[in-house]
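The values are calculated or read from the model by the stated rules, or taken from the named source; none is laboratory data. Everything numeric in this text was worked out from a predicted model, so none of it was measured. Cβ atoms come from the backbone with ideal geometry, glycine included; neighbour counts cover every protein chain shown. Quick note on the areas: whole protein, heavy atoms, side chains included, nothing else; ligands and nucleic acids left out. Shrake-Rupley method; radii C 1.70, N 1.55, O 1.52, S 1.80 Å.
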There are 2 protein chains.
Amino acid sequence: MELPSTTLASAVEALSSLPGVGKRSALRFALHLLKQPTDDVLLLSEAIRKLATDIHYCHICHCISDTDTCPICSSPKRTQSIVCVVENIQDVMAIENTQQYRGLYHVLGGVISPIDGIGIRDLNIATLLQRVQQGIPAPVEEVILALPTTMEGDTTAYYLNKQLQPTGIKITTIARGIAVGDNLEYADEITLGRSILNRIPFA
Amino acid sequence: MELPSTTLASAVEALSSLPGVGKRSALRFALHLLKQPTDDVLLLSEAIRKLATDIHYCHICHCISDTDTCPICSSPKRTQSIVCVVENIQDVMAIENTQQYRGLYHVLGGVISPIDGIGIRDLNIATLLQRVQQGIPAPVEEVILALPTTMEGDTTAYYLNKQLQPTGIKITTIARGIAVGDNLEYADEITLGRSILNRIPFA
């Protein structure tokens, strides 16, 4: 598709780099922006620029933050002795949304995946061990491994468990089982099998 | 959903103003951008900023252009005596893609729609009449009305026809009928009816 303006063409090109956005959607976005007030478009441009220049990461848990220490790590209301290890920032947000967890987090920034060239050094693993060994920001009593149940997630959990065991702290993992509201007949065998093996007292 | 950073939150807010993009997709876009090289993100930001500041419209046909007169209006290869009136820039691109039309365009910028508060003065109608009356950029012999077949499109076409008739030029409209490859049995009655009334010699 030939566009009548190079400015429009480069906007379409840039917008189509967004995930799941093809040339056609990018064009729709660009033409939509053309009809918006100049201030709104500049606001969007500025907000995107800030993503590149103004984003900080918490030096303790590696979560996105406006400050050097994120609100969760610096909150006196959180249980600082429990650290939940997650793959990425989305997972922190997902767990926060449940409002069921009051401990701290540790964002690995991925999982071990030799196929994608992601090794131990590409992840925030050294700082996790440091946190547990040196008690940053407070002595750690429990590490919850909340990693995805994929080959890579399991490998990472296995590796972390092996590294953390010598410290003698409690290592747990989130419960796997039938989702609330799901029918047993449609559950996959591994999940159903695990949910029976790991059954809990009826409260 | 509470976001851990105001920079991220304002990016999500701004991105969700794009058409068909909700908070969840906007967050996906923002988190994707966080993982991209700084230069790529700045490029996107700059491309969007330019949409607000660097876009020009052709002073003859009102199509988007990098120059004061668009490549179509200034091309000596186009038939300057035929003007195709369309609703918006997308329509110009759609017709250009067919490679079947070699005349000029006139972009109205919308259609008459009292319900949306769009009247005659909000559209590029005065400049169309001027083009026909004064022969800009060349004497006009035919005006093709290529407007949508909606209540608003038909109203606009009716109005334009009434305004243009006194000038004595040829006024045509694009053929409505069964789309190439469509089955007659699935065509709507109005389209099929019109296609029979407006039948053409078998070439």
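Figures for the structure shown
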{"read-out": "Complete set of residues in the range A:170-180 that are of a type in the set (A, V, I, L, M) and in contact with a helix residue (DSSP H, G or I) (Cβ under 6 Å, 6 or more places away or on another chain)", "value": "A:I171, A:I178"}
{"read-out": "Where B:Y105 falls short, out of the listed (1) within 20 Å of A:E2 (Cα to Cα); (2) free of Cβ contacts under 8 Å to residues at least 24 places away in the same chain", "value": "(2)"}
{"read-out": "Among the candidates A:A146, A:A157, residue that is crowded, with 17+ Cβ neighbours inside 10 Å, in the same structural domain as A:S74 (by TED's automatic domain parsing) and touching a residue at least 24 places away in the same chain (Cβ under 8 Å)", "value": "A:A146"}
{"read-out": "Residue within the range B:105-112 that is part of a helix (DSSP H, G or I), in contact with a Ser or Thr (Cβ under 6 Å, 6 or more places away or on another chain) and surrounded by 19 or more Cβ atoms within 10 Å (Cβ to Cβ) present", "value": "no"}
{"read-out": "Those residues of the range B:118-134 which are assigned to a helix (DSSP H, G or I) and within 11 Å of B:H62 (Cβ to Cβ), in sequence order", "value": "B:T127, B:L128, B:R131"}
{"read-out": "In the range B:108-143, the residues that are without any contact (Cβ under 8 Å) to a residue 40 or more places away in the chain and β-branched (V, I, T)", "value": "B:I115, B:I118, B:I120, B:I125"}
{"read-out": "Sole residue being of a type outside the set (V, I, T), within 26 Å of the chain's Cα centre (by Cα) and closer than 27 Å to B:L128 by Cα, chosen from B:R194, B:R176", "value": "B:R176"}
{"read-out": "Extreme residue, modelled with the lowest pLDDT, among residues of the range A:137-149 that are of a type in the set (A, V, I, L, M, F, W, C) and either out of contact with any Cys (no Cβ under 9 Å at 6 or more places or on another chain) or at positive phi (or both)", "value": "A:A138"}
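The rows are residues; the columns are (1) open to solvent by 20 Å² or more (accessible area, probe 1.4 Å); (2) under 30 Å from A:M93 (Cβ atoms); (3) at pLDDT 90 or above; (4) at the interface with chain A (Cβ under 8 Å from one of its Cβ atoms).
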position	(1), (2), (3), (4)
B:L43	yes, yes, yes, yes
B:R49	yes, yes, yes, yes
B:D54	yes, no, no, yes
B:C58	no, no, yes, no
B:C61	no, no, yes, no
B:C70	no, no, yes, yes
B:D91	yes, no, yes, no
B:I95	yes, no, yes, no
B:R121	yes, no, yes, no
